[in-house]
Amino acid sequence: MKAVQILGDISSPEIFPNWSMEKPKPKGSQILIHVHAAGITGDEIIWPEPYASPTRIPGHEISGVICEFGPDYTGSLIVGQEVFAFLGANRGQGQAEYAICLPDEVALKPKSISHAEAAALPIPVLTAREALTDHGSVKSGMKVLITGASGAVGVMAVQLLARMDGMEVVALASARNHEMVKDLGAHEVLDYNFVGWEREVQGADVVFDTVGGDVLAKAWECVKDDGVIVTVGDPAPAWAFGGGQAPESIDRPRVRYEHFIVSPNTEWLGDGSEMIDDGSLRKLSVQAFPFGKAKEAWAYARERGRKDKVVIVFED
Ligand SMILES: NC(=O)c1ccc[n+]([C@@H]2O[C@H](COP(=O)([O-])OP(=O)(O)OC[C@H]3O[C@@H](n4cnc5c(N)ncnc54)[C@H](OP(=O)(O)O)[C@@H]3O)[C@@H](O)[C@H]2O)c1
């Protein structure tokens, strides 16, 4: 089968489209998907998983058709169904013509969009939902700051918040994306390039940061004393994964702060699919590259300022 590989090590990775990889066989309750398209989150190249796997195949989000089940599968899905999936952080291997999924990773694909468009959604939909629900404990009437609001995860977070009652949604994005973010439901939009933007937002109940680094550091100035900061920006802050205390928390001891790695969730993925089909969630704009242009696809996915999420198409 065709599959993308990341060769080399994490400091000098090389994307290699391999045309003759071995097709996997589902075991236990696994599901084999004939992948039509797979999404790329550019920073995946600095995630450790592909470097530890013998196949070196990256990719955590796919859209395709179910083609086979392992012998112990007992769920309700059937061969031939169109599905999309988030392959758990420790698994991946989605950027291939065939990919193995676990039952809790798969949901029915939105009917109203293409496989290429569906493949862009699993990570952004699940990350935004998990951040706001499980980690941020966001409730109606709160003030929430989203950084990276024009990115794939940010766009989903802004839309989910805009559906809740009485919210004050503040979005941080480059000026060229302000109209788009407002149109998705943000009430206030700020520009990173405006020096002192962090002083313009005060008393946020929750900050959901998708950028990290300097932006995350400044976000501490925006959150209220007993507020919450949730971040997924890459690279992860030094305090993530048990790395100690955030330096800012010395002066702001009541602020709760969390970094997390997104988990599979069939129910939330299914909700996302229905929301796309009923028009309550807008799809992402995508740029599709054929498998043979995987190298170019990854290079584009790593660019800052690009308008679209990047997907690799295996099957039209
Ligand atoms: N931990 C997890 O489970 C998890 C899950 C999903 C994503 N992530 C990570 O979360 C981040 C966002 O993912 P995504 O798919 O939404 O990425 P994306 O579509 O590339 O969006 C990134 C956004 O961040 C902004 N940005 C980038 N660099 C910036 C900087 N130096 N200063 C200010 N803004 C900056 C960009 O804004 P402009 O282009 O408008 O400037 C863009 O809107 C990535 O690092 C990704 O790896 C982690």
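The values are calculated or read from the model by the stated rules, or taken from the named source; none is laboratory data. In this text the structure is predicted, and so the values were computed from the model without any measurement. Note that we place each Cβ from the backbone using ideal geometry, even for glycine, and neighbour counts take in every protein chain shown.
Taking the stated definitions as given, is I45 part of a helix (DSSP H, G or I), closer than 21 Å to F289 by Cα and in contact (Cβ under 8 Å) with a residue 60 or more places away in the chain? So I45 passes the test.
Screening the candidates P26, P50 for the property of being part of a helix (DSSP H, G or I) and buried (at least 19 other Cβ atoms within 10 Å of the Cβ) yields one hit, P50.
If you go through the range 286-305 and keep only what is of a type in the set (G, A, S), surrounded by 14 or more Cβ atoms within 10 Å (Cβ to Cβ) and either out of contact with any helix residue (DSSP H, G or I) (no Cβ under 7 Å at 6 or more places or on another chain) or at pLDDT below 95 (or both), you end up with A294, A297, A299.
Taken together, I62, I46, I78, I66 contain a single residue that is modelled with pLDDT of 95 or more, in the same structural domain as E22 (by TED's automatic domain parsing), within 23 Å of V232 (Cα to Cα) and among the β-branched types (V, I, T), which is I62.
Within the range 275-296, the only residue that satisfies the criterion of being of a type in the set (D, E) and either in contact (Cβ under 8 Å) with a residue 40 or more places away in the chain or under 17 Å from G88 (Cβ atoms) (or both) is D277. Would it be correct to say that K218 is within 14 Å of the ligand (Cβ to nearest atom), under 17 Å from V255 (Cβ atoms) and in a helix (DSSP H, G or I)? So K218 passes the test.
Quick check on the range 240-273: of everything there that is in a loop (DSSP other than H, G, I, E, B) and within 14 Å of the ligand (Cβ to nearest atom), which residue is farthest from G75 (Cα to Cα)? Step by step, filter the range 240-273, then rank; the result is F260. Residues in the range 253-265 that are more than 15 Å from G136 (Cβ to Cβ) and surrounded by 18 or more Cβ atoms within 10 Å (Cβ to Cβ): P264, N265. State whether one or more residues within the range 274-282 are within 16 Å of the ligand (Cβ to nearest atom), within 14 Å of the chain's Cα centre (by Cα), on the phi < 0 side of the Ramachandran plot and surrounded by 13 or more Cβ atoms within 10 Å (Cβ to Cβ). So far as the range 274-282 goes, no, none of its residues is within 16 Å of the ligand (Cβ to nearest atom), within 14 Å of the chain's Cα centre (by Cα), on the phi < 0 side of the Ramachandran plot and surrounded by 13 or more Cβ atoms within 10 Å (Cβ to Cβ).
In the range 107-131, the residues that are assigned to a loop (DSSP other than H, G, I, E, B) and at pLDDT 95 or above form Cβ pairs under 6 Å with partners that are more than 16 Å from the ligand (Cβ to nearest atom) and polar (S, T, N, Q), at six or more places apart or across chains, as follows: K109/S63; P110/S273.
In the range 171-181 there is at least one residue matching the filter, namely being more than 10 Å from the ligand (Cβ to nearest atom) and of a type outside the set (G, A, S). Applying the condition of being in contact with a strand residue (DSSP E or B) (Cβ under 8 Å, 6 or more places away or on another chain) and away from the ligand (no atom under 14 Å from the Cβ) to the range 182-201 and asking which residue is nearest to P247 (Cα to Cα) yields V201.
Given the options G148, G154, name the one that is in contact with a strand residue (DSSP E or B) (Cβ under 8 Å, 6 or more places away or on another chain), in contact (Cβ under 8 Å) with a residue 60 or more places away in the chain, within 23 Å of Q287 (Cβ to Cβ) and within 12 Å of the ligand (Cβ to nearest atom). First the steps, then the outcome.
Values: G154 fails: in contact (Cβ under 8 Å) with a residue 60 or more places away in the chain.
None of the others qualify; the one that does is G148.
Answer with yes or no whether T74 is assigned to a loop (DSSP other than H, G, I, E, B) and within 22 Å of P17 (Cα to Cα). So T74 does not fit the description; no. For the range 291-305, the criterion of a residue being within 16 Å of the ligand (Cβ to nearest atom), assigned to a strand (DSSP E or B) and in contact with a strand residue (DSSP E or B) (Cβ under 8 Å, 6 or more places away or on another chain) is satisfied by no position. Candidates in the range 195-215 are the residues that are outside any strand (DSSP E or B) and among the small types (G, A, S); of these, the one that is farthest from D134 (Cα to Cα) is G196.
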